[in-house]
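As structure tokens, the structure follows; a few thoughts come after it.
The values are calculated or read from the model by the stated rules, or taken from the named source; none is laboratory data. Bear in mind that the values here come from a model prediction, so they are computed numbers and not experimental data. Every residue, glycine as well, gets a Cβ built from its backbone with ideal geometry; the counts of neighbours run over all protein chains shown. The protein model used for the area step is the full one, side chains on, heavy atoms only, and it has no ligands, DNA or RNA in it. Shrake-Rupley method; radii C 1.70, N 1.55, O 1.52, S 1.80 Å.
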Amino acid sequence: MFNKFLIHFVVRAVLVTTCIILSNQKTGFAQNSNIEQNLNDEVIRKVRFSGNRTIRDRTLRNLVRTKTNREFFGIPGFTPRYFFYRVSKGNFGEPPSLLDREVVANDIERITLYYKSLGFRNAIVDTTIVEYRKKRIEVSFIINEGDLSNIKTISYTGFPFYEEPLKRRSFFIQSDLTKAGIDDSTFQVNRQYKEDELKKEQLRIISFLRNNGFASIETDSVTANVTKDTSNPQDLHVIFNINPGKKYHFGNIQIRLADDVPPEIYSQEKKIRFPVSNSDTLSISLKKEALIQTKFSLLHEQILFEPGEPYNEELYLETVKEFQNLGNLYIKRFGQNKNNARSNDNINEIPTYFDLEALTKHSISSEFFGMRRYGFGSGLGIDYKNNNVFGKAEQLVISANGSFEFVSSSTLKKIAPTDTVQSKFFRSYELRTEYSIPRIAFPFAFLDNKPFFKDGITRYSLAYSRSDQLYFDINSDIRFNFRYEVKHSDRTSSLFDLIELDITDYDPSLEFKNNLAEEYGEGSFEYERALLDYENQFSSIIRYTLRQQNTDIIKRNRGFFSEYSISFGGNIPYLIDRFLVTPGTIEGSLPSLFKLSKNKLVYTRFLTFTSDYRRYYSLSNSSVFGWRIFGGITQPYGKNTSIPLNRRFFAGGSNDIRGWGPFQLGPGAIASNDVTINGGEIKLAAFTEFRQRFMNDFLNADWIAAWYVDAGNIWYGPKNDFLNEENQDQLEQGRFKIKEFYNQIAVGTGLGIRLDWDFLIVRFDFTFRAHDLEKGWFNNDKMYFNFGIGHSF
């Protein structure tokens, strides 16, 4: 399969290159003349920097526009694309990077300004241009950094809220710049001068004032005046001059909801009045067409401010987001007057306008597909979506799909030989519904839109499926989830699964048991354990997850991602067992749901903790270093001693510890062929990866090389007691022990290629097992290939 892919890829690359060559050949004699002229012009082959004690060459090289041709893997002077351009006389490759003295002059100014922005206010930059070989140019930037300037004090003039001294001082001391106070508006700083920090402080002032009524304040309303200290010219004093303007309040609010073509006169209207003085009132005006079933109360609930309140731009923009998140409409226009102009001194109250368009309420989609597994079959799926069920943006999705597969008697005889073999239909179907509300619902509705509880969503989902399998039938698989999703800030969110149920009811066939008996022996430990792994389960979970991130979810080239979770399992079936089915007696199992079979549904009570942290460092515009650590433990409690198969940890795979297949690593030092208890109760893993972009926009993708190291394993927990005398020694190899676990850490390392499109990353990894638990350190020469979509972490 991989060889076919490689051949296909090479053929496509040749075709693309051929197209480029033919395209270039069509440009005619004029282009060839330009190529000959380019090859005879002054070509930049070296760019050097001297005198830069503080700033690295790499930073300055990314800053300037005077550059050499692109170097392969950063090797100085090694520019194969330019070489191909010269050899082919411009048919393909990269044109030469020619000397432009005007660009060099702009680079001098750019470097100077950059140094001054970092506090080197007396920095001087010059350049020398040398033709060290015919038509080969070296450009050197000579830098005299000068002394570093420091901010000694910072003060604020014109800042309002004199009548609220606590509010003023609280704002000042929250700055990253201010330290000890000298007086009520002047503070010590004693740190390096950096213009970006002053710009950040300027924006902080503007944001604070706009959120406290001063709607007309602009960037030029807050200026920083920098003066030198009289005793030491390198010490600076910064004074922020603030002209906040007048204070505003929110005025009338107008919301109009229509279809794609708004009417001249709306058929339904509601006005909510707010008295602001003895002689004046403001209002919220709600208008919509009669055919649109959205309720006025929903539109009103999205408004996070009231007419007459002091203007707050944060609440205004959050209101816009509230409308956007509903899902049953989108915003055609929003503004603070009919012309979208900002507030002016002729008014005291700022009106707000929202023109909304309702989306189609009902939609149906379907798909028909063919399939082949043991035989030939087909299937049909239908999805219905209602995005405004009861008029308050509730969303309902109902899905149904089914499939059948016909397997001939001759095929069945090969895969499941029995004395009486007949052709057979394998059937399966699934019904699924999801109902979501764009707010926090009962019993936590009181938290909705409170501070740190924004963009709340409540989801209910229910799925039911049945299936005929080769060796066993699924009588029923019922899954139910009741989840809250909420954002606390731009980077922090919570997921709370109040109820998660999974009820599985299997009927293993005689052939299934016979196959196990032939492989392991009837009555053996492995035989009993395999049946236990697939026994009927009633699983319940209560889970809380805290997630924080500020990284790009696709590129993963900066910032961090973290997720911490705690889960309690098995409490619902335990309560049903203790108080409903057999009051006062704990059976440890429940009868089949709705009496679909005579099977007993077992359950397990357990507690799970997981921690996942990932960090990404942008080393340059083309390179990234990232690392990830993961830890998890799940332990049964009460009378339970094991964890259900679908709640255990596993290791291996393209998105986990590469070099081992999915679920093929561990537990402990047990060889994969000897594992009889799949999965573990403890998992530790660590990952590092260095990525370097070495080719831009080839086949419309950036090409990235990666070097990575993955390490980790899974283990049985201390309460796992699936042991007997025959398996004692083997299974003890998989149990977590403080004095031994570090010797059971598997390590894989290798190189990979990533093809990075704007919306998709395709990954090819080639891994060697640096520490193979069966062969030891560096004793396995085999290379393992992994293919993946997206970065591994």
Please give the calculated 222 nm ellipticity per residue for the chain, where each DSSP H segment of at least 4 residues contributes -39500 (n - 2.57) and the sum is spread over every residue; nearest 500 deg cm²/dmol?
-5500 deg cm²/dmol
From phi via Karplus (6.51, -1.76, 1.60), per-residue ³J(HN,Hα) for segment 284-301 in Hz, x at Gly/Pro:
10, 9, 10, 9, 7, 7, 5, 6, 7, 8, 5, 7, 4, 4, 5, 5, 5, 5
Any chance you could run the full-extension gain for GLU587 through PHE369? It's 0.36 nm times the residue separation minus the Cα-Cα distance, nm to one decimal.
74.0 nm
Give me the percent relative contact order of the chain, please, defined on Cα pairs under 8 angstrom at least 6 residues apart.
5 percent
Low-density loop cleavage sites - trypsin sites (Lys or Arg not before Pro) in segment 613-699, where at most 11 other Cβ are within 10 Å (DSSP)
LYS639
Hey, can you find the accessible area per residue of the chain for me, probe 1.4 Å, expressed in square angstrom?
54 Å²
Need one number: nm distance between label points at ARG133 and ARG48, each 7 Å from Cα along Cα→Cβ, rounded to one decimal.
1.5 nm
Between beta-carbons, use under 15 Å as the cut-off and find the net charge around ASN621, counting Lys and Arg +1, Asp and Glu -1.
+4
Could you tell me which chymotrypsin sites (Phe, Trp or Tyr not before Pro) in segment 41-98 are loop residues by DSSP with no more than 14 other beta carbons within 10 angstrom of their beta carbon?
PHE78
Rough spin-label spacing in nm, given labels placed 7 Å along Cα→Cβ, for ASN700 and GLU94
2.3 nm
Taking each pair of different alpha-carbon atoms in segment 250-388 once, compute 1/r for the pair, average those values, and report the inverse of that mean as the Kirkwood hydrodynamic radius in Å to one decimal.
17.6 Å
Backbone HN-Hα couplings from phi across segment 190-201 [Karplus 6.51/-1.76/1.60, Hz, Gly and Pro as x]:
6, 8, 4, 6, 9, 5, 5, 6, 5, 5, 4, 5
Expressed as a percent, the accessible surface of segment 78-145 that is carbon or sulfur, using a 1.4 Å probe and the full set of protein chains, is 54 percent
For TYR637, distant residues with modelled amide H under 5 Å away:
ARG605, PHE606, LEU607
Rounded to the nearest 0.05, what FRET efficiency do GLU102 and SER297 give with R0 = 45 Å and r taken as the Cβ-Cβ distance? Could you check?
0.10
List, in order, the whole-Hz ³J(HN,Hα) value for each residue of segment 182-187 obtained from phi through the Karplus relation with A = 6.51, B = -1.76, C = 1.60 and θ = phi - 60°; use x for Gly and Pro.
9, 9, 6, 9, 10, 9
Fraction of accessible area attributable to carbon and sulfur, segment 232-294 (%, probe 1.4 Å)
46 percent
Relative contact order as a percentage, segment 578-704, C-alpha pairs under 8 Å and 6+ apart, gives 21 percent
With Cβ to Cβ distances under 11 Å as the rule, what net charge do the other residues near LYS287 carry (K, R +1; D, E -1)?
+1
Kindly state, to the nearest 0.05, the FRET efficiency for PHE376 paired with ASN122, given R0 = 56 Å and r defined as their beta-carbon distance.
0.10
Simple spin-label estimate for ILE499/ASP280, 7 Å along Cα→Cβ, in nm, reads 5.2 nm
Using a ≥ b ≥ c from the Cα gyration tensor of the chain (square roots of the eigenvalues), is it rounded, prolate or oblate, where a/c under 1.5 gives rounded and otherwise the larger of a/b and b/c decides, a/b for prolate?
oblate
Could you please state how large a percent of the accessible area of segment 430-585 is carbon and sulfur, counting protein chains only and using a 1.4 Å probe?
59 percent
Counted charge near ASP502, where neighbours are those whose Cβ lies closer than 10 Å (Asp, Glu -1; Lys, Arg +1)
0
Taking the mean number of other Cβ atoms within 10 Å as a proxy for protection, how do you rank 774-786, 457-469, 205-217, 571-583 from highest to lowest?
205-217, 457-469, 571-583, 774-786
Using R₀ = 60 Å, calculate the FRET efficiency as 1/(1 + (r/R₀)^6) where r is the Cβ-Cβ separation of ASP355 and PHE609; round to 0.05.
0.80
Grab the Cα-Cα distance for ALA224 and ASN386, subtract it from 0.36 nm times how many residues apart they are, and report the gain in nm with one decimal.
52.9 nm
Can you list residues whose amide H is under 5 Å from PHE376's amide H, if they're 5+ apart or on another chain and H is modeled 1.01 Å from N?
PHE406
Among bridges DSSP assigns within segment 171-309, what percent are antiparallel (round to 5)?
75 percent
Show the residues, 5+ positions off or on another chain, whose built amide H is closer than 5 Å to the amide H of SER283.
ASN252, ILE253, PHE274
